[in-house]
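Peer 1: Dropping the structure in here first, questions after.
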Amino acid sequence: MFLTKSLKLTIFIILLFASVNKTEAQQSEISKRVFRLTEIITSRMDSSAFDTDLNSIDSVFNQAVTLCGGNYQEALLALTFSYLPYNEVPLHSPVFKIKVSIPIYSAPEDMFLAKNEKIPRYFLFDSPRTRHGDQDKLAHFFGSALLSYSLKNYYVCMFIGYFVEFFEAVFKVDGAADFRDLTTNRLGIAFGRYLSQDNKTKPSQIIRSYNTFQILQ
């Protein structure tokens, strides 16, 4: 599978975070938002406003904020699930020798697959020039932004990121840390922090600054 396996446990943590204090009506609202954002992502090539991956990311972010009535926490949550390139989290416990697949919010299968073809994948300066590129990284980015925006504690957010990379080996999800995932986590944490201070902050500002810095090094 082309997806980096560490994302699976990251989303498992986000899933638990999202489930806290959510009523059935709120859970249904999240599903509706994910469905609508999936439609938006799927149709991104049909609009001249989406000329580049960074423009696309900013545009979908803006529409998510509008969709969520200006609630940035809910928008980041919906974006995290909407940008997931898979619709379940498989876990394997080495202790109990059991495998569990946890379903997560996603659009119907046909729309879900169509969306995966439209997810931006070349937005980092070193994105692999492969078919899938960094297709899995936006879920990392917005999931980390959600934690950062909500918890407002950089060190706790970084601990969660490192914990996931370490814990995945125990659950047989992957055998080694993915440092590009950790880099994307840090970018998301920075975005969430700046967004909490200035709601005019856009994802592209953080990503473009990182790209420029790395290129000029």
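Here, each number is a calculation from the coordinates, and none is a lab measurement. Since the structure is predicted, the reported quantities are computational estimates derived from the model, not experimental observations. In this analysis, Cβ positions are derived from the backbone assuming ideal geometry, glycine residues included, and neighbour counts consider all displayed protein chains.
Peer 1: Per residue of region 76-82, in order, report the coupling 6.51 cos²θ - 1.76 cosθ + 1.60 (Karplus, θ = phi - 60°) as ³J(HN,Hα) in whole Hz, putting x for Gly and Pro.
Peer 2: Using θ = phi - 60°, the values come out as 5, 5, 5, 5, 4, 6, 5 Hz.
Peer 1: Calculated FRET efficiency, Ala114 and Glu29, Cβ-Cβ r, R0 25 Å, to nearest 0.05?
Peer 2: Values: r = 23 Å, r/R0 = 0.92.
E(calc), rounded to 0.05, equals 0.60.
Peer 1: Which ³J(HN,Hα) values in Hz, rounded to whole numbers, follow from the phi angles of region 119-124 under the Karplus curve 6.51 cos²θ - 1.76 cosθ + 1.60, where θ = phi - 60° and Gly and Pro get x?
Peer 2: Calculated HN-Hα couplings, in order: 5, x, 9, 10, 8, 9 Hz.
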